[in-house]
Structure formats: structure tokens, C-alpha cells
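Presented below is the structure to which this report refers.
The values are calculated or read from the model by the stated rules, or taken from the named source; none is laboratory data. What you are looking at is a predicted structure, and each value in this text was computed from that prediction instead of being measured. As a convention, Cβ positions derive from the backbone with ideal geometry for all residues, glycine included, and neighbour counts pool all protein chains shown.
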Amino acid sequence: MLYSKLFSKSLKNVKKYDSLNATLLQKGGFIDQVMAGVYSYLPLGLRVLRKIEHIVRSEMDAIGGQEILMPVLHPKKNWEKTNRWDNMDILFKLKGAGDKDFALGPTHEEIVTPLAQKMVFSYKDLPVVVYQIQDKFRNEPRAKSGILRGREFIMKDMYSFHTSEKDMDVFYEQVERAYETIWQRLGIDKITLKTYASGGSFSKYSHEYQTLCDTGEDIIYICDKCNVAINKEIVSEHKACIQCGNKDLTEKKAIEAGNIFKLKTKFSDAFNFKFTDKDGKEKGVEMGCFGLGVTRVMGILAECFNDDKGLIWPESVSPYKVHLIGLNLEDEEIKQKTFDVYEKLQSAGVDVLFDDRENMSAGEKFADADLVGITWRAVSSKRTGDKIEVKKRRDAEGKLMPIQDLLKMVAD
């Protein structure tokens, strides 16, 4: 991609928003705020989102999840069956033709349960797992923290259906391992902790995945022995680690990246969703729900990985792998050499953002590269001769190398 043709541009004068992620992402040309809690995702931002989605999707597929896509628009009657039409404050409600009532989906138990009911009749049809990556809507009274708490956002929500609690428990552990792999691939595994939280009306506990961050809204208490945590909301009844009993807990701020919990038969009962077991008896279907905020993860990465110059994306989700900067492009020989480098990288299958602007100073180009935060920076200029100066975004200094070495490095 040529920087001169990029739809979005970095912005020098962006007002300071209520969160670092909103400020950095808008300044870098990743998102644009439409109104509080609602954002457009520009080309750079969408590339990051798609890479996060790819990681999440591949790990959900690996444990047997089947991807579907459910509607955003929900009929009132489904929400009345679960007694949540009048009991969920964040539900967006609207009137349609014929004075019919609808809701915009903040979650999809009310849709996925009757959907599965059409497909599952016998124990032979279970277990089954479906998921989607889709827009969600929540009428937050005070949308804040940039893309961490929006009124419209993208979430992966997965639902599992089982013959028994025991079968549900086995799959629950598979999801835990899958989430741990996702955090590792995103580069946040060292700072993301499984956290015990209230299970609400479903079970004694649910589990959140909280990413440590000084700007986080949640307070968690960490057990240094087993590296799990407790959400402050339930800590009053637990003065020690739930898992190992350790009483030496450390208080930290964090941001919730995902959550998993057992629904038991709450929603299957609401829709009278049953299956026939081996003995021909009808039983209620056990369910599980597994959420992960895709846009929220993007915000978390922006909050956690940055410096005073801008963003520092983990390589797995960097919008491009290489940010190629051409200097002295008024010199036709240098210009040709730099475009040759660009074409070689593209031919090798490397995603490249090429700063081909001829009316910008070296300082301005370097500042934009630091702000955007792409993993590798490669500079071609008179000074570099027939070589390329290469550095990682986190490194202070670069080094000169032949183009073939650059190709090998980014391929590896």
C-alpha cells in the first residue's frame, strides 16, 4: 500500500480524549469517532481488527466451533421468554412497521437457543458448538474509555450445548486452553490472568480474562502462587485465593478482555429446549457462553503497547508487517531502487506500507512511522546506498543489511 494513496492519514492535532487508546488510534488514523461510543474503523484499524479476528477464529475452529452469523435485529417475544425485555437496562429498543417491538442484540442467547432447538433432538446431536464474530449494541448510559466501552462494538460470542454438566465441564476446560493460546498469539499472555468473578444467576463463579493495565477500570486481586486473580466485586467473601488458598494477594488495575461462564439450563428451559437421552427420556440442554471483545482487545493493545511516540503493535496484529520509508525520492535512482524494494517485498508476500510521499521531511516520515507502530521499519535513502536500514519499532537503533536479508528476516 502506498502511503500517498492511504484513505486515512495521521493527525497532528488531535484533542486528548478520555482514554489513551482513543487518542492514539485517532491520531494514527485507525479509527474516527462518530459520536460517544461509536466509531468508524479506517483501513489501518480494520486490518488490525481482521488479524485479531483471524487469531480468534482459528482457535475457535480448532476446538470444534462452527461459525454462523445471527441477526442483529431481535423480536421482542424472544426476550420476553427469558424475562430480559424489561430487566436489561442496556437493551436498545425500537419500533418497526406495524408498531412491532424489536431489540438490537447486546448478546445472542435469545436467538441461538431457539436456533439450536431446530437442529438438536437427541443425545446423538450433542454436543454442538457455534460462534459468531459480529456487531453488538449496548445502550451504555455513559460510553467512555474509547473503544473499550462502546455502544456499538464487535464481539466473538460462542455458545455450546451439552447433554450433561460433566460434558459441559470438559468443553469448558478446552475453551480455557484456547483462550490462553489466543492471549499468547496476541502477545498479552504474560499480563492476562484468569479471574474469578460472580456467576450471577448461572453459577457460583464465572471466569473473566483480565489484562493488567494501569488505566484499567477493574480492580483485581492476584495470587502470586498460582497466577490467577479474583475480581474485587467478589473479594469481600474471599480473603484468600479461590484456587490455592494463598492469602497474600496483590491489588492491580486491569481491563476485561473476555469472559466464559456456564449457563446451565436457564435459557434452554425458557424455550422448553430438551433432548432425548439414551433411555428415551427428555432432559434439559446444558449450555455455555464464551465471549471475547474483538474491538476491546484492539483497545487493550493500544493501551498496553505504546510509548511517547505512538503505538507499538505486536507483530501478529500489526496492520502491515513492514513500514518502508523512502527518503531522497527526488533522486530518480534512489526512487527506482526504493520502488524495487517495495515490489520485492510484495512479491515475497510481505504486507508493506510504503511511505512514498515526496513532499515530506525525513523527520515527519519517521514520526508517522512511530505513531502508526508497525513492527518493522525499513529505510531506503542515499545514505543507505544499495542496502536497507532496518529496525524494529521497539528498538532504539537500526542496522544496514542487503534486501535479501530483510526478506529473510520478515519471512522468518
Worksheet item: What do you reckon, is residue 265 assigned by TED's automatic domain parsing to the domain that holds residue 301, among the hydroxyl-bearing types (Ser, Thr, Tyr) and free of Cβ contacts under 8 Å to residues at least 24 places away in the same chain?
Response: yes
Worksheet item: Any idea which of 250, 195 is touching a residue at least 12 places away in the same chain (Cβ under 8 Å), closer than 23 Å to residue 289 by Cβ and either assigned to a loop (DSSP other than H, G, I, E, B) or in contact with a strand residue (DSSP E or B) (Cβ under 8 Å, 6 or more places away or on another chain) (or both)?
Response: 195
Practice prompt. List every residue pair whose Cβ atoms lie under 6 Å apart, where the two residues are 6 or more positions apart in sequence or sit on different chains, the first residue falls within segment 350-371 and is closer than 21 Å to residue 48 by Cβ and modelled with pLDDT of 95 or more, and the second residue, located anywhere, is of a type in the set (A, V, I, L, M) and part of a loop (DSSP other than H, G, I, E, B).
Written response: 353/1
Fill in: Residue under evaluation residue 140, criteria (1) at pLDDT below 95; (2) part of a helix (DSSP H, G or I); (3) among the acidic types (Asp, Glu), criterion not met
(2)
Fill in: Only listed residue being aliphatic (A, V, I, L, M), farther than 18 Å from residue 57 by Cβ and surrounded by fewer than 20 Cβ atoms within 10 Å (Cβ to Cβ), chosen from 191, 147
191
Worksheet entry | Among (1) touching a helix residue (DSSP H, G or I) at 6+ places or on another chain (Cβ under 6 Å); (2) surrounded by fewer than 19 Cβ atoms within 10 Å (Cβ to Cβ), the one test that residue 253 misses | (1)
Discussion item. I need the full set of residues from segment 41-78 which are of a type in the set (A, V, I, L, M, F, W, C), surrounded by 19 or more Cβ atoms within 10 Å (Cβ to Cβ) and either under 17 Å from residue 296 (Cβ atoms) or in contact (Cβ under 8 Å) with a residue 60 or more places away in the chain (or both), in order please.
Written reply: 44, 48, 49, 52, 55, 56, 60
Fill in: Residue among 174, 210 that alone is at pLDDT 95 or above, out of contact with any His (no Cβ under 7 Å at 6 or more places or on another chain), of a type in the set (S, T, N, Q) and within 14 Å of residue 257 (Cα to Cα)
210
Response to the item:
With criteria (1) touching a strand residue (DSSP E or B) at 6+ places or on another chain (Cβ under 8 Å); (2) free of Cβ contacts under 8 Å to residues at least 60 places away in the same chain, residue 14 comes up short on (1)
Worksheet item: For residue 173, are the conditions met, namely being under 23 Å from residue 244 (Cα atoms), under 14 Å from the mean Cα position of the chain (by Cα), surrounded by fewer than 20 Cβ atoms within 10 Å (Cβ to Cβ) and assigned by TED's automatic domain parsing to the domain that holds residue 250?
Response: no
Practice prompt. Could you identify the single residue in 133, 111 that is farther than 19 Å from residue 266 by Cα, among the hydrophobic types (A, V, I, L, M, F, W, C), touching a residue at least 40 places away in the same chain (Cβ under 8 Å) and not in a loop (DSSP other than H, G, I, E, B)?
Written response: 133
Response to the item:
Condition set of a type in the set (D, E, K, R) and touching a Gly at 6+ places or on another chain (Cβ under 9 Å), scope segment 277-304, selection surrounded by the most Cβ atoms within 10 Å (Cβ to Cβ): answer is 296
Item to complete: Could you check segment 324-412 for strands (runs of 3 or more DSSP E) lying wholly inside it with 2 or more residues that are over 29 Å from the mean Cα position of the chain (by Cα)?
Response: 376-380, 388-392, 399-401
Worksheet item: Which condition number does residue 25 fail, the rest of (1) under 27 Å from residue 131 (Cα atoms); (2) crowded, with 17+ Cβ neighbours inside 10 Å being met?
Response: (1)
Worksheet item: Before we move on, is residue 239 under 15 Å from residue 195 (Cα atoms), among the charged types (D, E, K, R), more than 19 Å from the chain's Cα centre (by Cα) and in a loop (DSSP other than H, G, I, E, B)?
Response: yes
Worksheet item: Restricted to segment 120-144, and to residues that are of a type in the set (A, V, I, L, M, F, W, C) and over 28 Å from residue 22 (Cα atoms), which residue is surrounded by the fewest Cβ atoms within 10 Å (Cβ to Cβ)?
Response: 121
Worksheet entry | Those residues of segment 150-171 which are modelled with pLDDT under 95 and under 16 Å from residue 57 (Cβ atoms), in sequence order | none
